[in-house]
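Working notes, structure below.
The values are calculated or read from the model by the stated rules, or taken from the named source; none is laboratory data. As the structure is a computational prediction, the values presented were derived from the model and not from experiment. Cβ placement follows ideal geometry from the backbone for every residue including glycine, while neighbour counts extend to all protein chains displayed.
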Amino acid sequence: MVVMNIVYALSAWPAGVMSDGMGRYRLLTIGFALLIVADVVLALNGSVAVVMLGVALWGLHMGLTQGLLSAMVADCAPENLRGTAFGVFNLVGGIALLIASIVAGALWEITGPEGTFLAGAAFTAVALAALPWARRRAV
């Protein structure tokens, strides 16, 4: 967790600068792709170095996407409803995180870490495939 948080902290500010320059959806695509790679690396369940690589990639994904998602909420919400939009965003995110944690725990019990991380990669691939559709809906 320390490695993930260090990479997350070090990458968040540069990611914000990049999102202003290259566009939010392009950076979100890169962040989702990194999460898929991180999940696959973690599914390999190799040496400590391999696990640290997966954890560092996960932290980079967090740095690229977490502030970006909040910026996207601000971009899409009408000014008079931004507080409500952030509240709904965090409510839905919290519920999704709870459900994801329950599913991940069940998968870990049934399939072990490999299956859990591969499922995470698959879920992220679905989200990545849906980005073009989401982008059209947001415009």
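Values computed for the structure shown
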{"quantity": "Residue selected from the stretch 110-139 under the condition β-branched (Val, Ile, Thr) and surrounded by 15 or more Cβ atoms within 10 Å (Cβ to Cβ), by the criterion nearest to the chain's Cα centre (by Cα)", "calculated": "124"}
{"quantity": "Residue 67 being surrounded by 14 or more Cβ atoms within 10 Å (Cβ to Cβ) and at pLDDT below 95", "calculated": "yes"}
{"quantity": "Tally of residues being part of a helix (DSSP H, G or I), of a type outside the set (Lys, Arg) and over 27 Å from residue 113 (Cα atoms) across the stretch 11-61", "calculated": "13"}
{"quantity": "Selected residue [buried (at least 18 other Cβ atoms within 10 Å of the Cβ) and more than 21 Å from residue 3 (Cα to Cα)] from 28, 57", "calculated": "28"}
